[in-house]
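Everything on this sheet refers to the single structure shown next.
Here, each number is a calculation from the coordinates, and none is a lab measurement. It should be emphasised that the depicted structure is a prediction, and the values quoted were computed from it without experimental measurement. Glycine gets a Cβ as well: all are built from the backbone with ideal geometry, and neighbour counts include every protein chain shown.
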Amino acid sequence: MAEEYEINALIMHTLEEYCKDPRAMKLIGELLQYELDIWNRKIKSAEIVDQYNVMVGKAVRDEQE
Amino acid sequence: MKFAISSIEMTNYRQYKGTQKLRFTTDKSKNVTIISGRNGSGKSNILNAITWCLYGKEIHKKYDLVDADSMPIINSSELESLQNDERSFAEVKIHLETDAGDWLVSRRTEGGKDDSGELWFSESKLTVIHPVGNQDKIDTGEGTKRLINNILPDALESFFFIDGEQLREFFRVRSPEKVADAVDTVSQLELVYKASEHLDLLEKDLQRSIIAATPQLEKNHKQTEFVRSQIAQFKERASDIKRDRGSDTAALTAVNEYLRGHNLERVSTLQYKRELLEKEKAEQTQANSDSVLLRNQYLVKVAPFIFLKAPIEKTYALIMESVDKGELPSKIKEIFVRELIEEGRCICGNELSSDSDATATLVAFSKHLSLSELSDVAIVGKTTIEEILSEIQEFPQRIESMSIKIDKQESRLEEIRRDLDQIRDDLLGFDLEEINRYEARREELTTRIAEHNLLLAELDKKMREAQQILDDCRKQESIELAKHPKYDTLKRKLALLREIQNVFAKTESIIKGRIRQRVEQKTRDNFLTLIRKEGAFQNVTISDDYTVKVQHAHGFNVINDLSAGEYMILGLAFMSALTSISGFQAPVIIDTPLAKIDDIHRDYITTQLPHFLDGTQLILLVTPTEYDNDKKVKDNLSHYLLPSNDYMIHENETFTISEVTQRGNA
C-alpha cells in the first residue's frame, strides 16, 4: 500500500467530506491506520476483530465522557 | 518506496543454463536498458524471471512447474544431464536499489530425478534480504511476499511489467470491464474494503452476544443473517455475470472487427453502417427511456390535480369572491400588536393609556388576529391554487408534446431495427460460410449480453430490496436494545460502526469516480504528448461506464479506427497514467514495445517515452527488427542508454540454451 500519496489523500478527503460525525471520522482514521500497520501480515481474523472491538469501544467511551 | 533494479542473476532458469548476470547502471538521465534478442531466444523469459522471482508467477505462462506437461522452470538441458537420484535447482536473484537501502530478492526451486528417473519439482521459495536499522534482515517463505507488496503490490505489477502484445490489444479489443478493473486496482481502496470487512465481522460478533437476550432479538438476528447471506450471494452472482459480459463483449468486438475488416468491400461497408446504427440505437433507446420516465413523472404529479379539477376550481372561485368583497383582512403580525399594547406607546409616539380609543382599537384588532393568520394561509393557498389551475390548463398541450416526442423516438427505433434486420439479411445473402458463422456467433453474443444486462438489473433490484430489509432489521434491533439499559454501550458500538459502514458505502463509488477522472485526464495528456499526428486528435475520454473514446479533430470517436501504433500509444498513455496515479515508483519493463508499429510511431515512441517517464528505469526487451535494424530507433534511444545497459541474447546452435552478454562483449 502506497503511503502518503495523492491517491490516499483523495480517499481521506472524500471520506471526510461525507462523514459528518467527527467522532466517526476519527475512528475511520484509526481503523485505516491499523489496516495499514497490519497490511500483508498474517494476523488471525479473531485478533483483528478483537482489536476493532477495543477501538470502537474506546470511541464510544470517549463520547460518553 | 522507490526502487530500481541494479542486477538480475538467473541460474538454470528456463533456457538460461548456468548463471547469467545482468548488471544495470541506474542513472536518472540515462534511464533506458536494452535487451535485444530474436523471437523465442528468451526475451520474454527475462520478464518472466522478474515476475516469477518477485511474485511467484510468470506473465506469459498459465501454469507453474507443478504442471507435468509444461516446460519446467529448471533448464531442460540441466535436467536432461541429471542421473537418477540427482537434483538441481533454478534460481533468480534480483538486486534492488531502494530509497531505504539495497535489497536482495531471490526465488529458488529445486527438482531432479527420482530413483526411477521420474522428474520431481519442489515448490519455489522466496527470500528477501533487506536493511532494518543498521543490519540486514533475512525473511523467507511466502509470508515474505508482504515485503514485496510494500514496494509494488502484486495487483499493480502488470502496469509496470508489460507485455507489448497485450498492451496493443488492451484497447483494440476494448472492454469497459478491463478498464474498470484497472482503475479499481489502482484505486487502492483495499484498506477501506478490509476495514469494512472487519467491521462486518465485529458487527456479527456483537450481535451474537445478544441473540438470546430477547425472543425479538433472536428472531431479528436470524433474519439479519439470512438477508446478509442473500446479499453476499447476489454480489457474487453479479460479479460472475459482469465477468461473463466482459468476455462476451470482447468476443463481439472481435467479430465486429472481423466483419469490418473483411476483404469484400460490401461486407465491410454493411458492418460499418451496422455499427453506426447500433450506436444510434443505443442513444435513441436511452433518450426514449428518459422521455418515458419524464412523462410518467409528470403524469404522477399532475394526475391528482386533473382528478380534483372541479373542487379546486370551486375553491378558487370562493377565495376570489372573498378577495373581491374585501373580506380577507390585511396581514398584521400578532406579536407587533401585542407589543404596542404592552409597551403602552404607539409607533407615532403617543401614549396608549388603557382607557384610550386607540388602545381599544388595537385590542379589537388583536381579537381578529386568528383570522389574520388564516389570511396568510388563504393567500398562500390562492397562489398555489393558481399554479395548480395553470398546470391543469397546460396539461393537454404538454402531454401531447411529450407523446409526440416519444412516438418519434419509437418510430426512429423501429426504422433502425428494420435497417439492422436488412443488413443482417444482406450479409447472410452473400451465402459465404464464414460470414454465416460470424453472423450466428454475433447473434448468440448479442442475445447473451442482453440477458446478462437483464439479470444484472434484476439482481440490482433484489439487492436494493434485501438492503432495505437489512436496514429495517437494524432499526428494529436498536429499538429492542433501547429497552434494556445494560446494552447501552453495545447499542452505541453498533450505531457507530454502522455509521462508518454507511460512509464507506456512500463514498466508494465517489472515490472511484474521482480516480477515474484523474486517470482520464492523465491518459489524455499522455496520449496527446506521445501521439505523432499532432492536431489529429482532440481528446481521450473515459466515461462513467468506463468506455474509452478517442475523439478525432473533427469530433468523431475513432477508438475502432486507430492504427497498431496508435493503439500502443493509447495503451502506454493509459498504463503511464495508472502507474503515476498509483504512487508507486518502480521500473517499467516492456516486452516487444515496438513490434507491428510503423517506423514513424517507433521514432516518436523512442523519442518521447524515456523522457516522458521522467527518469524512471525503463527496460525494453526488443527484437533486432525493432531495434538493431532500425537506425532511427537506435539513435533515439542512444541518448538515454549507457553502454553498460545494452545487452544481447545469443542462442546455441540447437536453440536450447541462451546467453545474455553486454553488447560488444559477445
Seminar exercise, completed: Calc'd 3J(HN,Hα), region B:549-566, phi into Karplus 6.51 cos²θ - 1.76 cosθ + 1.60 (θ = phi - 60°), Hz, glycine/Pro = x, comes to 10, 10, 8, 6, 3, 9, x, 6, 8, 10, 4, 8, 10, 7, 7, 4, x, 5
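Which longest uninterrupted range of chain A lacks any trypsin sites (Lys or Arg not before Pro) assigned by DSSP to a loop state (not H, G, I, E or B) and surrounded by at most 10 other Cβ atoms within 10 Å?
The longest uninterrupted stretch comes out as A:45-65.
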Exercise. How far, in degrees from 0 to 90, does helix B:309-325 lean away from the longest principal axis of the Cα atoms of chain B, to the nearest 10?
Worked result: 50 degrees
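Suppose only helical runs count, i.e. DSSP H with n ≥ 4. What mean residue ellipticity at 222 nm does that imply for chain B under -39500 (n - 2.57) per run, divided by all residues and rounded to the nearest 500 deg cm²/dmol?
Working: 18 runs with 390 residues, N = 666.
So the calculated ellipticity at 222 nm is -20500 deg cm²/dmol.
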Problem set entry | Folded to 0 to 90 degrees: helix B:215-260 orientation relative to chain B principal axis, Cα | 60 degrees
Seminar exercise, completed: The long-range amide H neighbours of B:Tyr16, using H built 1.01 Å from N in the peptide plane and a cut-off of under 5 Å, are B:Ser658
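Could you work out how much longer the chain between B:Lys405 and B:Ser543 gets when fully extended? Use 0.36 nm per residue separation minus the Cα distance between them, nm to one decimal.
The span from B:Lys405 to B:Ser543 would gain 47.0 nm if fully extended.
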Problem set entry | Cβ-derived FRET efficiency at R0 25 Å, B:Leu459 paired with B:Gln166, nearest 0.05 | 0.20
For this session: On a 0 to 90° scale, report how tilted helix B:357-367 is relative to the longest principal axis of chain B, with both axes built from alpha carbons and the result rounded to the nearest 10.
Result: 50 degrees
Seminar exercise, completed: For B:Gln585, other-chain or 5+-apart residues with amide H closer than 5 Å (H placed, Pro excluded) are B:Phe3
Problem set entry | Cα-based equivalent ellipsoid, chain B: semi-axes from gyration tensor eigenvalues, Å | 68, 37, 28
For this session: Translational diffusion coefficient, Stokes-Einstein: compute it for region A:6-64 using the Kirkwood radius over C-alpha pairs as Rh, at 20 °C and 1.002 mPa s, and state it as an integer in µm² s⁻¹.
Result: 169 µm²/s
For this session: Please report the Cα spread of the protein assembly as shown along all three principal axes, rounded to whole Å, starting with the longest.
Result: 125, 74, 57
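With r as the distance between the Cβ atoms of B:Ser76 and A:Lys58 and R0 = 60 Å, compute the FRET efficiency 1/(1 + (r/R0)^6) and round to 0.05.
After rounding, the FRET efficiency stands at 0.50.
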Problem set entry | Cα gyration tensor category, rounded, prolate or oblate, for region B:413-462 with a/c compared to 1.5 | oblate
